[in-house]
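Contents: one structure, followed by commentary.
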Amino acid sequence: MELRVEKLTKQYGSKIAVDQLDLRLTRGVYGLLGANGAGKTTLMRLLCDIQTPTAGEIFYDNQEIHQMGEKYRNLLGYLPQDFGYYPDFSAYKFMLYMSAVKGLSRGYARQRSLELLDTVGLLEVKNKKIRTFSGGMKQRLGIAQAMLNNPQILILDEPTAGLDPKERVRFRNLISSFAANKIVLLSTHIVSDVEYIAGEILVMKKGSLIHSGKPDEIIRSINGKVWECRVPATAVSRMSESFDVINLRNEGEETVLRLLSDELPLPEAREAVPNLEDLYMYYFNDEEEGRKNHVGTDKI
């Protein structure tokens, strides 16, 4: 099983959302990280054959997906970032409706819908209207509908956005349970959502793939760039202006800072073991706040 992208490009007027991207996905969970506007959603819509690329091709097991047509779409399960639902439908009725859209037989649809509602913890409320559901319940219903056709390729765009920590953990566990023998692509800017369940991390910036690899492999790329130092509380503002401060912890009149710098920021600073959140901040913090002290994006 292989999903392969070659020189994939999508352009909207003068804006290039996906820029000559090459990618190869096989069985497993892939975490797609990137800031807003990085091109993640466009890439996913291209992979789902919802949008047509400006240039480049997508292949599933060496067959071009446009030529496969309906056969390819039958392999897909998709949960978009803005998951639409009918608020006055019950969860069960909605699942049956989505089954009909996917062309599933009535008998199979009933059995599969009940099975999936049970799996995502919604069986007891299957007859309640969706408008009464919490955000987490709606997202669980979303992944259930994405799994109706037992897809070989599962694409999830920001599936945990807006969920509380407990629901996010539950949702991640659901994704892991569904991931066996499938290609799963999970897009997010919430790093912890992919840190433990993704076998490979893809880092996307300005339409291009700038990093890919196992989590520990790509984290090593910022060894020597994450530091911890203890400073007087009165110095925190000055340090924040000079460095990208990731975390701070107040301890009496002193503050412990975790920050990013290509060089030793202070003589007393000590090198910290980087994590995936540090890597995300190293490559994307400049897009929101401006690069202060390091030049990581110049090294890509």
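The values are calculated or read from the model by the stated rules, or taken from the named source; none is laboratory data. The structure presented is a predicted model; accordingly, all values stated were derived computationally and were not measured. Neighbour counts are summed over all protein chains in view; Cβ atoms, including those assigned to glycine, are modelled from backbone coordinates with ideal geometry. All accessible areas refer to the heavy atoms of the entire protein, side chains included, with ligands and DNA or RNA removed. Shrake-Rupley method; radii C 1.70, N 1.55, O 1.52, S 1.80 Å.
The simple Förster model, with R0 at 22 Å and r as the Cβ-Cβ distance, assigns residue 248 and residue 270 a FRET efficiency of 0.90. Site pair residue 262 and residue 2 shows an inter-label distance of 3.7 nm when each label is modelled 7 Å from Cα along Cα→Cβ. Sorting the segments 211-217, 64-70 by their mean number of nearby beta carbons within 10 angstrom, highest to lowest, gives 211-217, 64-70.
Using r as the Cβ-Cβ distance of residue 214 and residue 108, and R0 as 22 Å, what FRET efficiency do you calculate, to the nearest 0.05? Efficiency, rounded to the nearest 0.05: 0.05. Of all DSSP beta bridges confined to the chain, the antiparallel ones make up roughly 65%.
Taking a ≥ b ≥ c as the square roots of the eigenvalues of the Cα gyration tensor of the range 17-115, is the shape rounded (a/c under 1.5), prolate (a/b larger than b/c) or oblate? Taking the square roots of the gyration eigenvalues as a ≥ b ≥ c, the range 17-115 is prolate. Each Cα pair under 8 Å and six or more residues apart adds its sequence gap; the mean of these over the residue count of the chain is a relative contact order of 20 percent. When +1 charges are put on Lys and Arg Cβ atoms and -1 charges on Asp and Glu Cβ atoms, the dipole computed for the chain relative to its Cα centre reaches about 1520 debye.
Couplings 3J(HN,Hα) of the range 189-198, computed from phi: 10, 9, 4, 5, 5, 10, 4, 9, 9, 8 Hz, in residue order, whole Hz [Karplus 6.51 cos²θ - 1.76 cosθ + 1.60, θ = phi - 60°; x for Gly and Pro]. Where only DSSP H runs of four or more residues are counted, the chain gives -9000 deg cm²/dmol as its mean residue ellipticity at 222 nm, each run worth -39500 (n - 2.57). Of the peptides 98-105, 144-151, 74-81, the order by per-residue mean of other Cβ atoms within 10 Å, starting with the highest, comes out as 144-151, 74-81, 98-105.
I need the calculated FRET efficiency for the pair residue 100 and residue 131, taking r as the beta carbon distance and R₀ as 30 Å, to the nearest 0.05.
On the way: r = 21 Å, r/R0 = 0.70.
In this case the efficiency is close to 0.90.
Counting alpha carbon pairs within less than 8 Å and at least 6 residues apart, what relative contact order, in whole percent, applies to the range 101-243? Please report the intermediate quantities before stating the final value.
Details: 102 pairs, mean separation 21.9, N = 143.
Computed value for the range 101-243: 15 percent relative contact order.
For the range 86-242, which whole-number percentage of the solvent-accessible area (1.4 Å probe, protein heavy atoms only) is attributable to carbon and sulfur atoms? It would help to have the intermediate numbers written out before the result.
Values: 3520 of 7120 Å².
Ligands and nucleic acids excluded, carbon and sulfur reach 49 percent.
At a probe radius of 1.4 angstrom, the accessible area of the range 38-151 per residue rounds to 48 square angstrom. Using alpha carbons only, the radius of gyration of the chain set against its Kirkwood radius gives Rg/Rh = 1.03.
Label sites at residue 119 and residue 20, each approximated as a point 7 angstrom past Cα along Cα to Cβ, lie 4.1 nm apart. Counting 0.36 nm for each residue step from residue 27 to residue 238 and taking away their Cα separation leaves a gain of 71.2 nm. When each of the peptides 257-265, 123-131 is scored by how many other beta carbons lie within 10 Å of its residues on average, the order from highest to lowest is 257-265, 123-131.
Farthest towards the positive end of the charge dipole of the chain, among the residues 17, 78, 31, is the Cα of 78, using unit charges on the Cβ of Lys, Arg, Asp and Glu.
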